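J.: Input: one structure, supplied below.
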Amino acid sequence: MTDSERSDDMPAPSRGEPAAPTKTVFGAVGTLRLLLVGTILLPLLLGPVAAYFSYRDSYQRAGTSLEEAVAVAEQNTTKVLDTHLLVAARIGDLIANLTDDQIAASEQMLHDRMGQQIANLPQIAAAWVIDADGHEVASARVFPVNRVLDQSAREDFRAFRDSNAQTFIWALRARSLDGGGYQAYFTVSQRRTTPDGRFGGAIVVAVSGSYFASFYSSLLGASTQYTASVIREDGSVLAHYPATSDASPAPPDPLLASAIAAKKPDGIIKSGSPFDDEGKIVAFKRVANYPVYVTIERSQTSILREWLWSISGYVFVGVPAAIALVVLSMLALRRTRREQTALAQARDAIALRAAAEAQLQHAQRLEAVGLLTAGIAHDFNNLLTVIACNLEFVQSTLEPMDTRRQRFLIAASKACDRGTALTKRLLGFARREPVDPRTINVNEVITNTLELPWQSGDRIAHEFRLAADLWPVCVDPEQLATALLNLAVNARDATEPGGKLTVETVNCPLGGKDGWPAGEHVGIFVSDTGRGMSKEVRDKAFDPFFTTKEPGKGTGLGLAQVHGFTTRSGGLCAIDSQPGHGTTVRLYLPRHIGEGRGNGSAMSNGNGADRNDADSPALA
């Protein structure tokens with residue numbers, strides 16, 4: 001903890017007083033004895049708990065694995081269905097403007113074109129076109145087609161004929177064109193509409209059952225622990241892995257059927273227990289916007305067997321590890337007795353060094369602050385003494401009737417008085433005395449401070465744009481006057497003869513964006529038409545002791561005083577400047593609402609500024 005972080009009721013160590021030695025810790029031996037006992041008892045006590053968490057972790061990993069697998073299956077099935085619908089749409093484009101008679105006349109050409117559409121798509125088993133009477137008129141696999149076969153009893157055909165359905169997915173078992181035996185298929189059908197808008201039949205694309213078997217075998221590693229299905233929303237099984245010899249696969253689990261009926265997009269269903277063959281975990285996911293779900297399930301008994309195999313490895317590793325830990329604990333117990341003294345001595349040395357460093361840093365900070373404030377106050381007071389003596393001499397040589405010059409000399413004398421007050425303030429800063437904030441009108445401070453012949457022969461013009469309804473602020477008026485004089489002198493020094501100084505006050509409700517404070521503020525903008533500043537100078541302008549003036553003409557404290565006064569008053573300041581385009585220093589002071597001490601209309605003491613030491617914000 002540094003001295004700046006100490007609270008007032010935590011005094012820093014006195015210089016030259018060593019920190020108290022750290023007490024040697026003698027509990028390590030007892031701790032190691034407890035560790036020795038724990039290496040024996042803890043495995044016996046925590047074994048069942050660890051086994052439970054291990055089984056739960058295996059269960060969770062199994063669920064995560066199923067979720068990942070079903071997500072892959074959903075993506076694949078979506079692509080398959082999208083591909084089938086795309087093929088159906090392309091076939092529809094081929095026969096879009098053809099009548100049934102024209103299709104019959106062009107059957108050879110359509111057979112070839114449809115065959116080309118599915119030639120490189122192994123997931124498509126067949127594709128054919130049915131007319132409005134339920135007879136096949138064109139096929140990608142068969143030529144010529146059997147026009148006598150009536151397919152009007154198909155479920156998808158009846159759905160297109162009796163409703164406005166556009167697509168239909170349906171499961172069936174049909175004879176394979178390649179092997180001749182019956183296989184499980186499901187079809188993706190698209191409604192066919194005649195050019196005059198009437199029902200014209202259906203375009204059917206069959207999904208290969210062997211393609212799904214191959215995909216799921218690859219996805220699940222041909223493991224018998226898993227089964228997979230593609231299920232329609234109504235519970236009909238479209239495809240199943242591994243394939244069953246039954247005419248139709250078993251319906252889905254009742255819990256799964258309920259979840260699908262509730263139109264849940266995805267989830268995991270658990271049923272049964274790990275100790276019977278009926279226990280299983282089923283992950284399901286809806287296939288995009290299709291009325292189809294993919295499911296992958298795993299038996300809970302397989303998870304239990306996998307967990308038992310993994311836990312046996314922990315037992316084989318854990319017992320030797322426990323024995324090794326007992327031996328290590330005994331060795332550590334012996335070495336700890338020798339190391340305790342060395343550790344205690346090291347901690348004591350670290351504590352003594354930390355205390356000494358904290359004392360040194362504290363002393364260096366106090367010395368730096370004291371030298372800075374004392375030096376500034378001394379030099380400033382010497383300058384004020386010379387100025388005041390010369391003013392008194394000039395005033396004594398003037399005729400009493402020369403009121404105009406007398407008025408100027410009186411104003412200059414008052415400025416010297418304000419400089420004396422500033423000297424006291426600097427010394428007060430070294431003693432950390434508080435400032436004297438009062439509720440004031442900024443316009444009055446500006447008028448009383450800047451309407452002086454400070455500009456050395458009126459070599460630059462000045463303009464005040466003071467808002468008539470300016471909000472009050474609660475700040476130290478003398479420090480505000482000092483800040484304004486610093487800015488005015490900097491502007492004068494940075495501006496060529498014939499230039500202009502502008503002081504503007506406005507009411508500024510700030511929105512609290514880009515680092516600006518929120519709330520109502522009074523803005524004081526001091527602008528000049530001088531040389532401006534580069535970005536490098538702007539970035540360092542508020543740093544103490546940074547100045548662009550010649551040696552002996554500036555200390556670099558002018559803008560640092562402005563910045564410190566503004567931030568201590570709860571506001572902020574910023575510089576807008578570009579080389580060759582002048583400089584604007586913006587001060588934002590928070591609006592004061594409520595009663596305050598004094599009204600700021602009459603200030604007992606002004607506050608001057610060291611014009612030679614004021615830092616010029618516009619010198620590059």
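J.: Under the classification rounded if a/c is under 1.5, otherwise prolate if a/b is larger than b/c and oblate if not, where does region 432-590 fall, given a ≥ b ≥ c as square roots of the Cα gyration tensor eigenvalues?
T.: On the way: a/c = 1.43, a/b = 1.28, b/c = 1.12.
Because its axes are fairly even, with a/c under 1.5, region 432-590 counts as rounded.
J.: Using 0.36 nm times the number of residues separating residue 389 and residue 72, minus their current alpha carbon distance, what extension gain do you get? Write out the running numbers ahead of the final one.
T.: Working: separation 317, 0.36 × 317 = 114.12 nm, distance 9.38 nm.
Residue separation times 0.36 nm, minus the Cα-Cα distance, leaves 104.7 nm.
J.: Then there's this: For 224, 482, which order do you get if you count the other beta carbons within 10 Å of each Cβ and list the fewest first? Before the final figure, lay out the partial values.
T.: Values: 224 9, 482 27.
The most exposed by this proxy come first: 224, 482.
J.: Over region 268-339, what is the mean sequence separation of C-alpha contacts under 8 Å (at least six apart), divided by residue count, expressed as relative contact order in percent? Before the final figure, lay out each step's value.
T.: Numbers: 65 pairs, mean separation 14.9, N = 72.
So the answer I get is 21 percent.
J.: Once the piece of chain linking residue 306 and residue 459 is laid out straight, how much longer is it, given 0.36 nm per residue of separation minus the C-alpha distance between them? Spell out each step's value before the answer.
T.: On the way: separation 153, 0.36 × 153 = 55.08 nm, distance 9.42 nm.
So the chain would gain 45.7 nm between residue 306 and residue 459.
J.: Report, to two decimal places, the Cα Rg of region 21-100 normalised by 2.2 N^0.38 Å (N = number of residues).
T.: 2.79
J.: Using only the alpha-carbon atoms of region 58-126 as identical scatterers, what base-10 log of I(q)/I(0) does the Debye formula give at q = 0.16, 0.18, 0.24 Å⁻¹?
T.: Here the Debye-derived log intensity ratios amount to -0.67, -0.76, -1.03.
J.: Next up: Among 52, 59, what is the fewest-to-most ranking by other Cβ atoms within 10 Å?
T.: Numbers: 52 10, 59 17.
The order, fewest Cβ neighbours first, is 52, 59.
J.: Given Cα positions, please report Rg to Rh for region 456-538, the hydrodynamic radius being the Kirkwood one.
T.: Working: Rg = 14.9 Å, Rh = 14.7 Å.
My calculation puts Rg/Rh at 1.01.
J.: Out of every Cα pair in region 25-363, what percent are spaced more than 32 Å from each other? Provide the component values of the computation, followed by the final result.
T.: On the way: 30317 of 57291 pairs.
Percent of Cα pairs beyond 32 Å in region 25-363: 53.
FYI, it's all coordinate maths here, none of it is from the lab. Computed from a predicted structure; not experimentally measured. A quick note on method: Cβ atoms are made from the backbone with ideal geometry, for glycine too, and the neighbour counts reach across all protein chains shown.
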